[in-house]
Amino acid sequence: MSSSASHRNTRPELGISGSLDVGVWPWRLASLAIAAIVAAPILIVFAAWLGPATETWPHLVNTVLPGLLRNTLVLILGVGSGVFLLGVGLAWLTTMCEFPGRRFFEWALMLPLAIPAYVLAFVVVGLFDYSGPVQGTMRDWFGSSSWFPSVRSEGGVILVMTLAFYPYVYMLARTAFMGQGRNVLDTGRVLGLSPWASFLRISLPMARPAIAAGIALALMETLADFGAVSIFNYDTFTTAIYKAWFGFFDLAAAAQLASLLLLFVAVALVVEKQMRGRARYEVTGKLVNEPRFHLIGWRAAGASLTAGIVMLVAFIIPVAKLAMWAWESALSDLDMRYFRFFFNTLFLGTLAAGLTAFAAVLLAYTYRLRPEHLTRAAIRFATLGYALPGSVLAVGIMLSFVWLDQQISNTALAVFDVKLTQVLTGSLLALLLAYVVRFMAVAYGPVDSAFERIKPSLLQAARSLGASNWQILWRVSIPMLRAGMFSAALLVFVEVMKEMPATLLLRPFGWDTLATRIFEMTAEGEWERAALPALTLVLAGLIPVVMLVRRSNSRWA
Amino acid sequence: MKVWLTSILTLLVWMTGFLVPAQAADELVVYSARNEQLVRPLFDAYTRASGTSIRFITDKAGPLMQRLKAEGANTPADLLITVDAGNLWRAAEEGVLQPVKSAVLSKNIPAHLRDPGNQWFGLSVRARTIVYSTVRVKPSELSTYEDLASAKWKKRLCLRTSKKVYNQSLVATMIARLGEEKTDEVIRGWVANLATDVFSNDTSLMQAIEAGQCDVGIVNTYYYGRLKKKQPNLDVALFWPNQETSGVHVNVSGAGVTRYAKHRDSAVKFLEWLSTPPAQKILAESNMEYPANPQVKPDPLVASWGSFKQDTLNVSNAGKLQSSAVMLMDRTGYR
């Protein structure tokens with residue numbers, strides 16, 4: 001028995017414990033509990049199919065749906081290739097090459113993450129539309145601007161979303177490239193590959209889990225987006241979801257449509273995973289990151305220029321525009337309450353980021369302890385929610401909390417004879433849990449891809465030396481996961497700061513944040529007045545980005 | 001370990017609703033889809049006048065209604081405030097409001113601006129009217145919303161997206177007056193006359209008229225007021241259409257007492273106060289809308305645009321016919 005167990009133990013697909021079940025069940029129980037909380041709102045969305053069919057469906061199918069599906073497909077393909085090229089390319093340049101300004105761009109290229117997509121969309125449309133300053137100047141100079149490409153177009157929306165979402169790919173690819181170090185590349189070089197070939201044939205395939213995770217996040221965000229596409233008046237599948245809800249007051253049809261969206265995402269994720277096959281991505285050897293490829297001449301200029309243009313359009317121009325607007329409204333709108341908004345935003349962001357990253361590590365680690373289909377399926381399902389339009393998921397979360405509240409109050413009445421009304425709904429805890437639910441996918445991606453790069457034999461060695469599950473996690477895994485965990489926490493932090501629908505619906509009385517301020521102003525179209533909270537949001541977002549950069553540099557450089 | 005556990009437990013309890021103080025008798029809870037900077041002045045003024053404190057959260061109307069529905073009898077909310085008659089009508093349909101019989105409200109709010117079943121009451125009026133370029137259009141060329149479908153406006157019309165509820169309400173009341181067939185014709189005419197793709201908001205539509213991309217459009221007056229304040233020499237003006245026929249299309253922002261209000265009487269009292277001159281004045285000034293109470297004068301800038309005949313069709317039609325309107329706009333290709 002023991003000999004066969006140790007024999008199997010060398011097979012990584014059996015996990016750290018092999019076939020020995022060393023106290024795995026509490027971990028599995030905790031993981032399943034987390035997965036259940038995260039999955040409940042998604043199940044509620046799917047449950048809409050149990051209701052009766054409405055006339056909304058045939059109407060949508062006969063009129064707008066075909067066009068919307070086409071638009072959505074174009075958007076996914078466009079944004080998908082855009083974020084891949086921009087994210088991976090820039091990550092490669094800043095980690096593996098040396099060019100003027102590299103040390104600046106290395107962290108600065110993450111900054112666009114702090115700018116909500118709809119803000120970027122509003123600024124870009126405002127600048128480049130017919131009535132905007134750019135075309136206005138063209139008309140002053142040339143008399144006509146009819147040759148100017150329309151910004152409210154397919155190309156425009158793809159460009160804006162690429163610029164808004166490439167940092168996901170950039171960040172995760174960068175972490176992966178850094179983890180690889182130069183020695184694998186040097187091996188390639190010794191074997192006669194050119195730098196370009198060693199990138200294509202070694203670095204890129206090795207970074208695949210991270211890049212796939214980044215693109216998945218960017219595309220899920222694209223699918224869920226309603227703000228940016230509506231500024232471009234570009235109708236996507238999400239437009240149909242909101243049309244069913246707000247236009248036809250048919251939340252059931254909206255939820256049915258949303259569940260189809262999830263099904264599509266699930267299939268895409270499974271296909272990607274299948275295509276990776278049984279390839280594994282562990283890293284061996286020492287992590288050395290110097291020397292970089294020194295770019296010279298036009299290559300160096302090109303690298304600096306590309307990074308500079310991306311930085312300019314995705315960050316500097318929108319921030320400058322926001323600053324101009326904010327200056328106009330600052331006198332009337334800026335008051336002491338902004339300290340409170342600022343504090344609330346940071347407080348919620350920090351707690352939610354910690355909580356979500358912790359839960360993600362727990363889920364990923366449980367799977368490593370004992371890779372089982374049930375755990376895997378539960379996790380996969382739980383991370384789908386990110387592709388849901390925010391308001392739909394927020395209502396799902398709210399419904400599951402109200403249900404929990406009813407169970408709590410029933411129990412309290414039956415057992416303690418105490419009458420409670422609402423313990424969870426409208427409490428701070430509910431809001432934090434809502435963030436965990438909404439952003440689990442964001443945290444799970446980086447954590448899981450970081451785990452992929454740890455050799456299972458390392459953890460198995462710790463086990464054979466008698467380490468407990470807790471010790472393997474705390475003393476072996478987490479030190480190696482640090483970069484991935486930190487990326488996860490940072491992403492969640494920034495997302496929570498920008499998050500609107502769940503915050504609006506579930507915040508306790510008086511817990512206004514910077515994002516809810518933006519909502520208050522934009523709800524009646526006062527975009528210029530929204531600039532003040534938006535700018536404050538960007539400034540708050542700089543804190544974690546700078547922290548991340550300092551940390552990753554001190555760790556790897 | 002014990003210290004850790006205790007502190008985590010304490011934190012958890014602090015974060016739940018266990019310790020939230022029981023509501024005081026003179027307190028109201030409001031769910032508002034009208035934004036904070038527009039409702040807070042009202043709440044503050046009422047607290048000063050009556051001593052009743054008000055707690056509130058803001059969100060879009062759709063999610064707030066779902067929350068009211070889900071919370072049922074447990075809801076802390078006493079009052080729902082929202083913009084657009086369609087949303088108010090829907091709230092009544094969903095059964096989250098209750099009827100209020102009040103002589104004060106019946107006297108202060110005209111019949112076409114409140115629910116026939118008294119579940120909600122319009123508090124401020126928003127007129128959706130025609131804007132035109134003072135450079136390229138003479139007001140004598142304009143007459144009705146329907147006329148914007150005629151061939152003389154070919155490539156000269158700008159519209160906001162049909163996804164905005166304001167346009168859905170406009171088309172819904174058109175269906176109520178003209179019937180589906182005639183409305184269908186009008187909307188097809190509008191779409192055929194569009195100078196460019198529809199806009200995502202009223203302000204950029206007016207800026208397009210100013211820049212010369214098109215000559216006429218349809219907007220809510222308070223967006224015009226805001227832009228005019230910022231650019232006093234704006235070459236865009238308001239026109240009151242349908243004065244010989246049905247009148248200018250109006251919509252409301254309004255409120256209703258929730259079905260399970262814990263402080264029903266005090267909620268009714270607050271609602272009544274909202275219809276009185278002091279509150280109506282704040283409502284009208286804060287967003288350049290028209291007061292629902294006809295005894296109260298609008299803001300001076302708003303008054304300077306002149307008075308007009310408004311459509312007296314009950315605004316609840318906007319809700320009743322909203323789905324028909326959206327379907328019609330989808331069919332006619334009005335994005």
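Residue check, A:Ala502 against (1) assigned to a helix (DSSP H, G or I); (2) at pLDDT below 85; (3) within 14 Å of chain B (Cβ to nearest Cβ), all met but one. Which one?
For A:Ala502, the exception is condition (2).
Name the residues in the stretch A:465-524 that are closer than 18 Å to A:Ala540 by Cβ and acidic (Asp, Glu), would you?
A:Glu495, A:Glu499, A:Asp512, A:Glu520
Being crowded, with 19+ Cβ neighbours inside 10 Å, within 30 Å of B:Thr161 (Cα to Cα) and of a type outside the set (Gly, Ala, Ser) is true for just one of B:Asn293, B:Asn287. Which residue is that?
B:Asn287
Of A:Thr366, A:Thr345, A:Thr356, A:Thr350, which residue is more than 20 Å from the chain's Cα centre (by Cα), among the polar types (S, T, N, Q) and modelled with pLDDT of 85 or more?
Values: A:Thr345 fails: more than 20 Å from the chain's Cα centre (by Cα); A:Thr356 fails: more than 20 Å from the chain's Cα centre (by Cα); A:Thr350 fails: more than 20 Å from the chain's Cα centre (by Cα).
Result of the check over A:Thr366, A:Thr345, A:Thr356, A:Thr350: A:Thr366.
What number of residues within the stretch A:332-377 are aromatic (Phe, Trp, Tyr) and not in a helix (DSSP H, G or I)?
So the count comes out to 0.
Only one of (1) under 17 Å from A:Arg340 (Cα atoms); (2) touching a Pro at 6+ places or on another chain (Cβ under 7 Å) is not met by A:Glu520, so which one is it?
Of everything listed in (1) under 17 Å from A:Arg340 (Cα atoms); (2) touching a Pro at 6+ places or on another chain (Cβ under 7 Å), A:Glu520 misses just condition (2).
Filter the stretch A:505-536 down to residues that are more than 17 Å from A:Thr350 (Cα to Cα), of a type outside the set (Ser, Thr, Tyr) and more than 7 Å from chain B (Cβ to nearest Cβ), then give me how many there are.
17
Look through the stretch A:97-116, keep the residues that are out of contact with any Leu (no Cβ under 6 Å at 6 or more places or on another chain) and crowded, with 22+ Cβ neighbours inside 10 Å, and return whichever of them is farthest from A:Ser153 (Cα to Cα).
Keep residues of the stretch A:97-116 that are out of contact with any Leu (no Cβ under 6 Å at 6 or more places or on another chain), which gives A:98, A:100-108, A:110-116.
With the extra rule that they be crowded, with 22+ Cβ neighbours inside 10 Å, the set shrinks to A:110, A:112-116.
Numbers: A:Met110: 26, A:Pro112: 22, A:Leu113: 23, A:Ala114: 25, A:Ile115: 21, A:Pro116: 20 Å.
For the stretch A:97-116, the residue satisfying everything is A:Met110.
Go through the stretch B:221-241 and report how many residues are in contact (Cβ under 8 Å) with a residue 40 or more places away in the chain, in a loop (DSSP other than H, G, I, E, B) and surrounded by fewer than 22 Cβ atoms within 10 Å (Cβ to Cβ).
2
Among the listed residues B:Gly117, B:Gly189, identify the single one that is assigned to a loop (DSSP other than H, G, I, E, B) and more than 14 Å from chain A (Cβ to nearest Cβ).
Criteria check complete, one pass: B:Gly117.
A quick yes/no check of all residues on (1) closer than 25 Å to A:Phe46 by Cα; (2) away from every other protein chain (no Cβ under 12 Å); (3) in contact with a strand residue (DSSP E or B) (Cβ under 9 Å, 6 or more places away or on another chain):
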| residue | (1), (2), (3) |
| --- | --- |
| A:Arg208 | no, yes, no |
| A:Ala212 | no, yes, no |
| A:Leu219 | yes, yes, no |
| A:Ala224 | yes, yes, no |
| A:Ile241 | yes, no, no |
| A:Phe246 | yes, no, no |
| A:Phe249 | yes, no, no |
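Take the residues in the stretch B:62-82 that are facing another protein chain (nearest Cβ under 8 Å) and touching a helix residue (DSSP H, G or I) at 6+ places or on another chain (Cβ under 9 Å); name whichever of them is nearest to B:Val30 (Cα to Cα).
Going residue by residue through the stretch B:62-82, those that are facing another protein chain (nearest Cβ under 8 Å) are B:62-64, B:66-67, B:70-71, B:74, B:76.
Now drop any that are not touching a helix residue (DSSP H, G or I) at 6+ places or on another chain (Cβ under 9 Å), which leaves B:62-64, B:66-67, B:70-71, B:74.
Numbers: B:Gly62: 15, B:Pro63: 14, B:Leu64: 11, B:Gln66: 15, B:Arg67: 13, B:Ala70: 16, B:Glu71: 14, B:Asn74: 14 Å.
My answer is B:Leu64.
Using the structure shown, decide if A:Val61 is within 24 Å of the chain's Cα centre (by Cα), closer than 30 Å to A:Asp235 by Cβ and either modelled with pLDDT of 90 or more or away from chain B (no Cβ under 14 Å) (or both).
no
Do you know which residues across the stretch B:201-215 are within 8 Å of chain A (Cβ to nearest Cβ) and in a helix (DSSP H, G or I)?
B:Asp202, B:Thr203, B:Ser204, B:Gln207, B:Ala208, B:Glu210, B:Ala211
For the stretch A:390-499, give me every one of the helices (runs of 4 or more DSSP H) that falls completely inside it and has 2 or more residues that are more than 14 Å from chain B (Cβ to nearest Cβ) and farther than 30 Å from A:Leu261 by Cβ.
Per the criteria, A:456-464, A:478-498.
Run down A:Val79, A:Val88 and say which single residue is closer than 24 Å to A:Arg438 by Cα and at pLDDT 90 or above.
Result of the check over A:Val79, A:Val88: A:Val79.
The values are calculated or read from the model by the stated rules, or taken from the named source; none is laboratory data. Fair warning: this is a prediction, and the values are worked out from it, not measured in the lab. Virtual Cβ from ideal backbone geometry, glycine too; neighbours counted across all protein chains shown.
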